[in-house]
Amino acid sequence: MTTTQIDDATSKDDGLARDARELRRHVDEVIAAMPVTDMHTHLYAPQFGELNLWGIDELLNYHYLIAELFRSSTITYEKFWGLSKTQQADLIWRALFVEQTPLSEATRGVIAVLSTLGLNTRATDLRETREFFRAQSAEDYLARVLKLSRVSEVVMTNDPLDESETCTWKSEVKVDTRFHAALRLDRILNSWTDAVPKMSAQGYQVQSEIDERTISETRRFLDDWIARMKPLYLGVSLPDDFTYPEDTPRGRLLRDAVLPVCREHDLSLSLMIGVRRRINPALRMAGDGLGRADVNVVAHLCAENPDARFLVTFLSRENQHELCVAARKFNNLMPFGCWWFLNNASIISEITRERIELLGTSFIPQHSDARVLDQLLYKWTHSRRVIADALYESYEGLLRDGRAVTRREIERDATKLFSGNFRQWVGLGAPETIESGTVMHTA
Ligand code: RAT
Ligand code: ZN
């Protein structure tokens, strides 16, 4: 059947979208309105005080933009790091937005945020933009951003060894219910020697050499923090040469402490694989790179631990097809997101199509990785657009193959992709839409 033939077919009142144009309209409307559970961010609930970042100076100091600044400016690293945050933001605005056209994903993101808020995207300085943000109340602004981005729930990244957040957790203040915790294990699994004194300072009897007591104390540490944070999952970022099993502190801690704790608390482990930290240390946080990893390691973990569940994302584009194939073999593996350097339209488009072809709707297409609240306004707009294109093309292909879909079916699929698959995976329950057709998230 050609597109014209599809266009010519009329929709009957059985709710089926038999017409390509009508199908496109349904997909666009459903995806644009779909509430999102953002399953991996670096955002913080307002209760975490200064960790809750928003506004133009934070937006411009995003490490993705800092990396881009040094491609366009002759400023030295030392000089840049010696500037105040406002001076850094001014410099980035001038170099990337005034003196050149903001075409990269990260620069377009800032433009999309300003435009959504009705601010001047061609301003030559930041005076008026700063005035706008100064006039916002943090609470109202949070509500406004969540509403505009249709993000109903946010998952944070919570490090139990970071004093800037542990004081909030220990204060037992009630954290905004729109924010969920995720317990991050990077320090424990990737820099054990740094973790030891910090865990000891919290009263856990651990030592550099991994012995029985260190394992049981690490488990006690994780049990206590799980009780305090009530995380939706435990997570870690891993290098491209990550392997398992391995006779290293990470291998032992993973096998004897982390995986047993996950099983005991029925929590998933999120593996974010492929980062090469600090390949240019002078860039600080902006200095990380990536490498192709071995997906067989994940397949092995899934095979050896059928009673554990893994949320998995890879940073290298080259690993994406292999991840889909591994997920076809192991239903305790949930691929998620287009992480970091992959969070660009051309790559999201390719990965999402590949995943739909190999996995149907049984994956989590995206997370924002937002560090600054306002970023939700562009990251989700951009991803929704690309995911809508990929879904539309799949439904159109299905129509050609002989089956039309209803709007209700499109809603069911989109609900799974934008919130349902994650919510069910971590035990939050299905969003109501799957049963009732009304999209609402219950606590
Ligand atoms: O995407 C990012 O902002 C990175 O800096 C990382 O934080 C990465 O997402 C991670 O979670 O390690
Ligand atoms: Zn992240």
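The values are calculated or read from the model by the stated rules, or taken from the named source; none is laboratory data. All of these numbers come straight from a predicted model, not from anything done at the bench. Cβ atoms come from the backbone with ideal geometry, glycine included; neighbour counts cover every protein chain shown. Ligands, DNA and RNA are excluded from the accessible area calculation, which covers all protein heavy atoms including side chains. Shrake-Rupley method; radii C 1.70, N 1.55, O 1.52, S 1.80 Å.
Please sort 127-134, 148-155, 354-361, 177-184 by packing, taking for each peptide the average over its residues of neighbouring beta carbons within 10 angstrom, highest first. Don't jump to the answer; show the numbers that get you there.
Values: 127-134: 14.1, 148-155: 21.9, 354-361: 16.8, 177-184: 20.1.
Result, highest mean first: 148-155, 177-184, 354-361, 127-134.
Take the Cα of HIS321, step 7 Å along the line toward its Cβ, and report every residue of region 331-359 whose backbone nitrogen sits under 19 Å from that point.
335-336, 338-339, 342, 346-359
Between ASP186, ASP413, ASP211, find the one with the highest GNM mean-square fluctuation for the chain; connect C-alpha pairs within less than 10 Å.
Comparing ASP186, ASP413, ASP211 in a Gaussian network model of the chain, the most mobile one is ASP211.
Kindly provide the GluC sites (Glu not before Pro) of region 211-295 that DSSP labels as loop, not H, G, I, E or B, and whose Cβ sees at most 15 other Cβ atoms within 10 Å. Before the final figure, lay out the partial values.
Numbers: sites: GLU212, GLU217, GLU246, GLU264; in loops: GLU246.
The qualifying sites are GLU246.
How big is region 132-207 on each of its three principal axes, counting only the C-alpha atoms and giving the largest first in Å?
49, 23, 21
So how far apart, in nm, are the two label points at TYR77 and ALA282 if each is 7 Å from Cα heading toward Cβ?
0.6
With springs only between Cα atoms under 10 Å apart, run a GNM on the chain and tell me which of ASP19, ASP162, ASP140 wobbles the most.
Of ASP19, ASP162, ASP140, the most mobile in the Gaussian network model is ASP140.
Can you give me the accessible area per residue for region 329-376, using a 1.4 Å probe, in Å²? Mind showing how you got there, number by number?
Numbers: 1400 Å² over 48 residues.
Each residue of region 329-376 exposes 29 Å² on average to a 1.4 Å probe.
Just the number, please: carbon plus sulfur as a percent of the accessible area of the chain, 1.4 Å probe, no ligands or DNA/RNA counted.
Numbers: 9350 of 19460 Å².
Solvent-exposed carbon and sulfur of the chain make up 48 percent of the total.
How many nm separate the modelled label positions at ALA303 and ALA227, each set 7 Å beyond the Cα in the direction of the Cβ?
3.9
Please quote Rg/Rh for the chain to two decimal places, taking the Kirkwood radius as Rh and restricting both calculations to Cα atoms. Before the final figure, lay out the partial values.
Working: Rg = 22.7 Å, Rh = 23.3 Å.
For the chain, the value is 0.97.
Could you give the accessible area per residue of region 1-137, probe 1.4 Å, as a whole number in Å²? Working shown, then result.
Working: 6970 Å² over 137 residues.
Accessible area per residue: 51 Å².
Can you give me the long-range amide H partners of LEU311? Hydrogens built in the peptide plane at 1.01 Å from N, cutoff under 5 Å, separation of 5 or more residues or another chain.
LEU269, SER270, LEU271, MET334
With a length cut of 18 Å (Cα positions projected on each helix's long axis) and a Kyte-Doolittle mean of at least -0.5, go through the chain and give me the DSSP H helices that pass.
Answer set is 20-33, 345-359, 376-401.
Mind pulling the per residue volume of the convex hull built on the Cα atoms of region 26-164? Å³ is fine.
Numbers: hull volume 20.0 nm³, N = 139.
Per-residue hull volume (Cα only) is 144 Å³.
Out of LEU53, LEU311, LEU103, any idea which swings most in a Gaussian network model of the chain, alpha carbons joined below 10 Å?
Comparing LEU53, LEU311, LEU103 in the GNM, the peak value goes to LEU103.
According to the square roots a ≥ b ≥ c of the eigenvalues of the Cα gyration tensor, what is the shape class of region 283-427, taking rounded for a/c under 1.5, prolate for a/b larger than b/c otherwise, and oblate for the remainder?
Working: a/c = 1.65, a/b = 1.17, b/c = 1.41.
Taking the square roots of the gyration eigenvalues as a ≥ b ≥ c, region 283-427 is oblate.
First measure r as the distance between the Cβ atoms of ASN296 and ALA201, then evaluate 1/(1 + (r/R0)^6) with R0 = 35 Å and state the FRET efficiency to the nearest 0.05.
About 0.35, to the nearest 0.05.
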